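No value in this document is a laboratory result; all are computed from the given coordinates. The shown structure was predicted, so the numbers you read here are calculated from the model rather than taken from an experiment. Backbone-built Cβ (ideal geometry, glycine too); neighbour counts: all protein chains shown.
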Amino acid sequence: MNTPSRRGFLQSSLLTASALAAAGAAEKPNEKITLAIVGVKNRGKDLLRGFSTFPEVEIAYVCDPDLTVVPAALKALPERHKRVPTVVQDMRKAFADKAVDAVVIATPDHWHALATIWACQAGKHVYVEKPVSHNLVEGQRMVEAARKYKRVVQVGTQRRSAAHLQEAAEFVRGGALGKIPFARAWIAGSRKSIGKTADAEPPEKVDYDLWLGPAPERAFNPNRFHYNWHWNWDYGTGEIGNNGIHGLDTIRMLMGLDAPTRISSGGGKYFYDDDQQTPDTQQVSFDFETCSVVWEHRIWATTGVRNQGFGVELVGEKGTLVVDGAGWHVEQGTEKSVKSTPFETEHQRNFLDCVRSGKRPNADIEIGHHSTRLCHLGNVAHRLGRTLRFDASTQTITGDAAATKLLSRTYRKGYEVPVRV
């Protein structure tokens, strides 16, 4: 009798669950899950396309302060999606519709927390893109909102739904690598310079005041707008928040790590002479009780560690486990190689299943907050140029008033992230 492998079991379980759920939806066509998509320029358009492929999903609203990006997003809808979504600039109009079950948030980072809290308060479930928040305190409020209003909140760290990485986590936690004193994640972006651009008037079809939302009032500038907002501290979290979250979350998933005790950062803007504020070269060291974890990025480089543009490695006493685009494998230890499995559609499927069941999803908001706070702590250490001590029990930085101040921000009137959700 052949016994199925653990990997085979995990893959078949995920596929079976997805197939059963899809079949159930097909048998009960009236049990729709009605969504509003918030932010559809880049990632939001991908999510609109992805969620609209599920037979039980109906996209009721498309929300974006920039109306010029909406036509391209609507073209991403499949032909079977007969209903034309209502287009609004202000997400609150969609949140007020009782027919909307859940919202998908793919705004710039500075909007993630307030949009999620508003949605939870309106009784909606939420799929929010990574990083969870723009600062650490916002993440705390998002967790509080999800729990208070009993909402399912899934974070867009899709590798949590990858069967091959779930198998890797069992392999690691089962002791196959022995002690793991060191882990590292990295990315090389091959990004072009954004240049230098003067302030200008907002485009005609952009509600710029709404786009700014919680952020400080500034003149409009194309280099602080679509996508390039990532590299400005008012709106983004730099490359560690943009892609570091994926690598750091994977390490936390594999090793079961919680919070670091000491954080330091090196690097700066060494390559580009342009409008970016965040570092183009950065190495952040996180000391946990049992190991050291390093994130590094060189967004100007064509390739990174091990000739891989993105990757993770765990260096243990019994071997090194490497996660790359092909899957994962072990070097200098138990010979093992596992191919990558799909996770984008599986992650969305997991969210929809949890909306129906009420269970916590694979990348629950609390998990996402704990991974995102690594990015925030790394950025605070970088901006202040000093080592930080973090107290996980209070979620505060010990003995450093300036660092503590950077764990939150001051909000514009009408767009405050509430102290009490």
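Some values worked out for this structure:
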{"item": "Net charge over other residues, Cβ less than 11 angstrom from the Cβ of residue 269 (K, R count +1; D, E count -1)", "result": "-4"}
{"item": "Label-point gap, in nm, between residue 386 and residue 199 - each point 7 angstrom along Cα→Cβ", "result": "3.2"}
{"item": "Calculated FRET efficiency for the pair residue 359/residue 401, C-beta based, R₀ 45 Å, to 0.05", "result": "0.65"}
{"item": "Exposure proxy order (Cβ contacts within 10 Å, fewest to most) of 224, 218", "result": "218, 224"}
{"item": "Violating pairs (Cα-Cα greater than 21 angstrom) within the set 45/269; 41/75; 269/413; 45/205", "result": "45/269; 269/413"}
{"item": "Local electrostatic count at residue 209 - Lys and Arg +1, Asp and Glu -1, tallied over other residues with Cβ under 10 Å", "result": "-1"}
{"item": "Cα gyration tensor category, rounded, prolate or oblate, for segment 290-421 with a/c compared to 1.5", "result": "oblate"}
{"item": "Segment 239-305 pair-distance distribution - Cα-Cα, 5 Å bins, rounded %", "result": "4, 15, 25, 25, 15, 10, 5, 1"}
{"item": "Per-selection Rg to Rh, the chain - Cα, Kirkwood hydrodynamic radius", "result": "0.96"}
{"item": "Order of 255, 142, 91 - criterion: other Cβ atoms within 10 Å of each residue's Cβ, fewest first", "result": "255, 91, 142"}
{"item": "Residues 164, 226 arranged by fewest to most Cβ contacts within 10 Å", "result": "226, 164"}
{"item": "Aspartates and glutamates with Cα under 14 Å of residue 124, excluding same-chain neighbours fewer than 8 positions away", "result": "97, 101"}
{"item": "Prolate/oblate/rounded call for segment 132-271, Cα gyration tensor, a/c under 1.5 rounded", "result": "prolate"}
{"item": "Kirkwood-Stokes translational diffusion coefficient of segment 173-248, alpha-carbon pairs, 25 °C, 0.890 mPa s, µm²/s", "result": "158"}
{"item": "Positive minus negative residues near residue 109 (Lys, Arg vs Asp, Glu; Cβ under 15 Å)", "result": "+3"}
